[in-house]
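Presented below is the structure to which this report refers.
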Amino acid sequence: MDTNNTQHWQLEVGADGIAWATLDKAGESANSLSAEVMDELGQILDQLEVYPPAGLIFRSGKAAGFAAGADIQEFGQLDTPEKARRLVARGWNLFNRLAAAHYPTLALVRGHCLGGGLELALACRYLLAVDEPGTKMALPEVMLGIFPGWGGILRLPQRIGPQAALDMMLTGKSIDAKKAKRFGLADECVPPRVMESAARILLLSDTPRRRLPLLQRLLNGPLKSIVAGGARKQVARRARPEHYPAPYAIIDLWAKHGGNALAAPELVDSVVSSPTARNLIRVFFLQERLKGFGKSGDFPADHVHVVGAGVMGGDIAAWCALRGLTVTLQDQGMERIAPALKRAYAAWSKRIKDKLQLRNVMDRLIPDPEGHGAARADIVIEAVFENLEAKHALLRKLDAAMKPDAVLATNTSSLKLEDLRTVLANPARLVGIHFFNPMAKMPLVEVVSAQGGDSEMARRAAAFVKQIDRLPLPVKSAPGFLVNAVLAPYMLEAMRCVDEGISPETVDEAMLAFGMPMGPIELIDTVGLDIALAAGKSLASGLAGMGSEPPKCLVQHVDAGQLGRKTGSGFYSYANGKANKNPAGNVPPGLVQRLLKPLLARAQQLVIEGIVADADLADAGVIFGTGFAPFRGGPLNYLKNLHV
């Protein structure tokens, strides 16, 4: 077997004439397609032009997966239009060259295959997907504020049809190996044990690719405008072009330029150099920093015990079971636990189509009204209502029953850990693991440390959060921690505006136009007006200068039993499950800045006080914990840019 190595690629040619190109990026745990990696791939293609193989198979030398896409570090260096165009040209020209190879080519995809990695695979004649949980394929560039410029916009619609392709590209969502085979993205889907032999057979089979049905070919050709128009309407419901230009550019590049961004340099310039792209790339690195707090080390949790089967406690338990942990769920009787189990089954049956897999998830969620699971659990989370005496009584019992090295956590949203831990034999063991509602959709979890707390327990808590696929944010114990402490003055100011006669719809429209995913008044309805009232009282110490009396509109609704979405009415009616709003009025000048001012000031103050370590982490927490307009790069980043 002939072997030819570069820094990042290993090329081997077997006795059967098949060349195996293995990507194993030096010094990295995952493959990315940096300038060096792409240059070396060009050298491999040069060599194979001189000495053509019987076929070429691409595979990864990394356990993590095939390739994570382009090197995102390089995106931050695109400070001129010329650099952006060169980056696009590098991949577009190289992958077109690969697609034109006279010998058969195949991508053996195992693990993640994202962005430029999938564009490389699409440039091959065949794609063989390995059927295991980690195999995911996506073109997620839109989530970074950019577009797939290396051939994905051209080739993905040719493989799976324009509607499915645009859905993937405009949302960034991934598909697994079986779905890739069903869509036609993968030619075959095989288990790991036969992947190499299956790759050889498929490569040399001379099997023609599956042809798209006639209607899909028409929609990818003469009827493109129909698909493009529908896609623009879909995107407009979620994103405004002035906030997120990339999805609109993807549609135009497919519909008007055959996926070739080099034919539309003005789109390259406007998208890649936009503040949105710069800020979304910043958000990506903030997310990676949060993930770094959750290194599991030698603490993988196997068993979680949750006390409190209400909406939050039940959802925490259900999520942990979904992520593979054994969960015992405790409350005062089966009649309180049963609704949580029912809610979990309803949610996961929509997500999990395999009945056996669904049963396995539900089998891991064990009702435990007597609380026996606390003695065996690695993590115990109390999620009962916000009452200091009730939590004291519970924590005292749990402390006596638990393993000495187990993590004892509270999901309190407003009480200080220093006040909660006074009943414990070892007060330092208590940490906060604060989830947000709806738990299955909110990626952030605050990991709260009290003064003098056990740092090892906080480390284990962060590892547990990462283990269940959430983002851990270390914060110090203080009323509201970071996220609620920032939201409280923002929501309070919104309700003060309503008290002054500005309609709830107008207040919400002001912040939707700013880029928030939900207006502050609808957010209050979603949180619950009773909870907003109680939280406002407990957070009053951090709301200096905003008045001690709660807003009149809030008190009136609470007194009338109109507590928001959960009761069917609050500031809005929810008769059909959605907020029924009247048309918004004209947004008064300065309303956006008025609403933002207390949020920004509180975020700054929390950094100064050391509740969160620095401004970047404050931005990360507010983005992932509240949905603060990601394209702004976070509240403090937005404030800094205002002053530039």
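Every number here is computed from the coordinates shown, using simple stated rules; none is lab data. Bear in mind the structure is a predicted one, so any value in this text is a computation, not a measurement. Every residue, glycine among them, receives a Cβ derived from its backbone with ideal geometry; neighbour counts consider all protein chains shown.
So here's what we get for this one:
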| read-out | value |
| --- | --- |
| Ranked packing of 599-606, 584-591, 628-635, most packed first, by mean Cβ within 10 Å | 628-635, 599-606, 584-591 |
| Listed residue (GLY42, VAL527, PRO213) projecting farthest to the positive dipole end of the chain, Cβ model | PRO213 |
| Coil-residue GluC sites (Glu not before Pro) of the stretch 1-103, DSSP, other Cβ within 10 Å capped at 15 | GLU28 |
| All-pairs Cα distance distribution in the stretch 2-273, expressed in whole percent, bin size 10 Å | 7, 31, 37, 20, 5, 0 |
| Average projection area in nm² (convex hull over Cα atoms of the stretch 289-351, one quarter of hull surface) | 5.2 nm² |
| Mean-position separation - Cα centroids, the stretch 225-269 and the stretch 449-513, in angstrom | 34 Å |
| Cα centroid of the stretch 402-433 to Cα centroid of the stretch 1-47, whole Å | 52 Å |
| Close Lys-Lys pairs in the stretch 2-273, where close means Cα under 18 Å and separation is 8 or more or interchain | 10 |
| Phi-based couplings in Hz for the stretch 621-638 (Karplus 6.51, -1.76, 1.60; Gly and Pro marked x) | x, 6, 5, 7, x, 10, x, 3, 1, x, 5, 8, x, x, x, 6, 5, 4 |
| Cα radius of gyration and Dmax for the stretch 303-477 (Å) | 15.1, 47 |
| Net +/- balance of residues flanking VAL612 in space, Cβ distance below 13 Å, scoring K and R +1, D and E -1 | -2 |
| For ALA107, residues with placed amide H under 5 Å, excluding near neighbours | PHE58, TYR126, LEU127, LEU128 |
| Considering only the chain, percent of DSSP beta bridges that pair antiparallel, nearest 5 | 25 percent |
| Descending semi-axes in Å of the stretch 266-309, equivalent ellipsoid built from Cα gyration tensor | 40, 14, 7 |
| Proximal charge balance of GLY149 [Cβ under 10 Å; K/R count +1, D/E count -1] | 0 |
| Lysines with Cα under 30 Å of LYS537, excluding same-chain neighbours fewer than 8 positions away | LYS391, LYS397, LYS416, LYS441, LYS476, LYS552, LYS566, LYS578, LYS581, LYS597 |
| For THR276, net neighbour charge (Lys/Arg +1, Asp/Glu -1) across residues whose Cβ lies under 15 Å away | +2 |
| Residues of type aspartates and glutamates that LYS355 reaches as a straight line, Cα spacing below 17 Å, ignoring anything fewer than 8 places off in the same chain | ASP363 |
| The stretch 484-642 - convex hull of alpha carbons, volume per residue in Å³ | 113 Å³ |
| Low-density loop positions, trypsin sites (Lys or Arg not before Pro), the stretch 86-119 - DSSP coil, at most 16 other Cβ in 10 Å | none |
| Net length gained if the chain between HIS102 and LYS537 were fully extended (0.36 nm per residue, minus Cα distance) | 149.4 nm |
| For the stretch 611-644 versus the stretch 314-383, the gap between their alpha-carbon centres in whole angstrom | 34 Å |
| In the stretch 321-372, the trypsin sites (Lys or Arg not before Pro) that fall in loop regions by DSSP, at most 12 other Cβ within 10 Å | LYS353 |
| Cα-Cα separations in the stretch 1-142 greater than 19 Å, expressed as whole percent | 49 percent |
| Long-range HN-HN contacts of SER569 with modeled amide H, under 5 Å | LEU563, GLY564, TYR574 |
| The chain - Kirkwood radius from inverse mean 1/r over Cα pairs (Å) | 26.9 Å |
